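Everything below concerns the one structure shown next.
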Amino acid sequence: MSAINDSRLESEVFLLTGIPGQEHMHLWISIPFCLMYAIVIVGNTLIVFVIKTNPSLHEPMYILLSMLAITDLALSITTMLTTLRIFLLNSREITHDACFAQQYFIHTLTCIESSVLLLMGFDRLIAIRDPLRYASILTPRRIATMSLVCVLRGVVVKLPLPIFLKQYRYCREIIPTRSYCTNGEVMKLACSDISVNIIYGLLIALLTEGLDSLLILLSYVMILKTVLNIASRAECLRALNTCISHLCVVLSFYTPYLSITLMNRFGKSSSPLAQILLGYIYVMFPPLLNPIVYSVKSKQLRARLVKMFVR
């Protein structure tokens, strides 16, 4: 009876992977990971706190920035627990339900972040194309409504993914290239027909992150067209300078996202180490970079941060 229970228990867990072949280095590898997670949590928390406590920053751009920071915080916390547990404690087990929940939150938060970046691109477009009507177009009520729609879109469209995974039978347990669960990696462990999951996942990715990236590109084409019509070169550069922060954040988010998506779909012969590194960059780099970029590039935000630390 004990053997039967042990067998049943083993069938209900997945085994996550840190960096295969480097298990003896996991404790040392945990040091930069702990440092990066600390910077992510402190940096994004400071961004939210400064914007919340300074009424002068209650503008559409900063409201959206605070929403981006909250999303980055949630995404980092979602992956931090399993990642540090593997590197610090060598604890690799995760139950099926916990794995499905983790992948759902990761994909949902990624979708929400993509939506926020789209809204920030729309904000920059209105600020440059129609600055006189900026405040009347992007009212706090309208920003709140669009933000709510972004959250609901991510919550709803990603919900079927864990439901599909829950229905499958799994004949393999080791997730080979992750210290956290994603839909693409988990469904490869199933010994059932996963065609529905593949089709739905690809379709939703195209209609959410894929569509968002195209709309952001379109917004920058319109921004560039507007800026080139400005007679003064100084004003042209000043207008473009307001977009640099957002452009850096967009590139830091979509570059690893598109790379890992293409690698999962078409790079069957790609190096496992490359997949592992891209996976960590995908969840760690944007939350780490975003507060640094905006703290450096935004004079108002930088001034509030300096003032807070000087006090």
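The values are calculated or read from the model by the stated rules, or taken from the named source; none is laboratory data. All of these numbers come straight from a predicted model, not from anything done at the bench. Cβ coordinates were reconstructed from backbone atoms using ideal geometry, including for glycine residues, and neighbour counts include every protein chain displayed.
Odds and ends about this structure:
- Of all residues making up region 189-213, the number that are touching a residue at least 12 places away in the same chain (Cβ under 8 Å), closer than 23 Å to residue 272 by Cβ and not polar (S, T, N, Q): 7
- If you go through region 268-298 and keep only what is small (Gly, Ala, Ser) and surrounded by 18 or more Cβ atoms within 10 Å (Cβ to Cβ), you end up with 279, 295, 298.
- From the list 19, 39, the one residue that fits, being within 20 Å of the chain's Cα centre (by Cα) and β-branched (Val, Ile, Thr), is 39.
- Residue among 170, 220 that alone is of a type in the set (Ser, Thr, Tyr), surrounded by fewer than 20 Cβ atoms within 10 Å (Cβ to Cβ) and within 26 Å of the chain's Cα centre (by Cα): 220
- Subset of region 152-209 that is in a helix (DSSP H, G or I) and among the small types (Gly, Ala, Ser) - its residue that is nearest to residue 81 (Cα to Cα): 184
- Within region 1-113, helices (runs of 4 or more DSSP H) holding 3 or more residues that are in contact with a Ser or Thr (Cβ under 7 Å, 6 or more places away or on another chain) and within 23 Å of residue 308 (Cβ to Cβ): 26-53
Results for (1) more than 22 Å from residue 135 (Cβ to Cβ); (2) surrounded by 23 or more Cβ atoms within 10 Å (Cβ to Cβ); (3) at pLDDT below 95, shown as yes or no for each residue.
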| site | (1), (2), (3) |
| --- | --- |
| 46 | yes, no, yes |
| 49 | yes, no, yes |
| 52 | no, no, yes |
| 55 | no, no, yes |
| 65 | no, yes, yes |
| 82 | yes, no, yes |
| 90 | yes, no, yes |
| 93 | yes, no, yes |
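- Selection count, region 225-242, where residues are surrounded by 14 or more Cβ atoms within 10 Å (Cβ to Cβ) and in a helix (DSSP H, G or I): 5
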